[in-house]
Amino acid sequence: MTSIEDVDALKNVSLENILITNQTTLSMLDTAEIIAHCKKLFPDAIVAKEICNATSKRQEAVLQLQDVDLLIVVGDARSNNSNQLAKIAKHAGIQESYLIDSVLDLTPSMIDGHKRIAITSGSSTPNSITDQVVDFLNEYARTGIWQLPETVNVQLI
């Protein structure tokens, strides 16, 4: 089930002992909406919350951002987790977001003109890759010089 429509398709099915669970990388917002609809149709259903802690914390943090006009999400474009962070940014009222693999994907046009930039990453993104984005943007803010590194700093341990 990935939508309210999927749940509605079960309206006329006789079901007992229902357990609701979810993919761990779904958006908290989408998951909550679908689960609420399930509970409306099946009030006795048991809900097992399966969104992993790292994913939940990142999504909650994005939802709580204040006065941010750009969110940079560091992560793989094929990662549902990273894509959900960018989607949640729009729900949180953040005007613009970019999903980048690494610091090498940044361009001045992404950054210039923004007053408050937040950075997050998908839960499987190595910290060293995110740290390199943070360090680069801090240096750019300090000096105004756009000089991307030649390589991505990947440290898995």
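Nothing in this text is a laboratory measurement; each read-out follows from the coordinates by a stated rule. Remember, predicted model here, so these are calculated numbers, not experimental data. No Cβ is skipped: glycine too gets one built from the backbone with ideal geometry, and neighbour counts run over all protein chains shown.
A crude spin-label estimate for the pair HIS91 and LYS57, with each label 7 Å from Cα along the Cβ direction, gives 2.0 nm. Here segment 96-157 yields Rg over Rh of 0.94, to two decimals, using C-alpha coordinates and the Kirkwood radius. In loop segments of segment 75-157 as defined by DSSP, the GluC sites (Glu not before Pro) with at most 16 further C-beta atoms inside 10 Å of their C-beta are GLU150. Restricting the chymotrypsin sites (Phe, Trp or Tyr not before Pro) of segment 78-157 to loop positions (DSSP other than H, G, I, E, B) with no more than 16 neighbouring Cβ atoms within 10 Å leaves TRP146. Quick check: from the Cα gyration tensor, does segment 19-86 come out rounded (a/c under 1.5), prolate or oblate? It comes out prolate by the Cα gyration axes.
Pairs of Lys residues in the chain, spaced 8 or more positions apart or belonging to different chains, with C-alpha separations under 30 angstrom: 20 in total.
Projected onto its three principal axes, the C-alpha set of the chain covers 64, 34, 20 Å, listed from the longest axis down.
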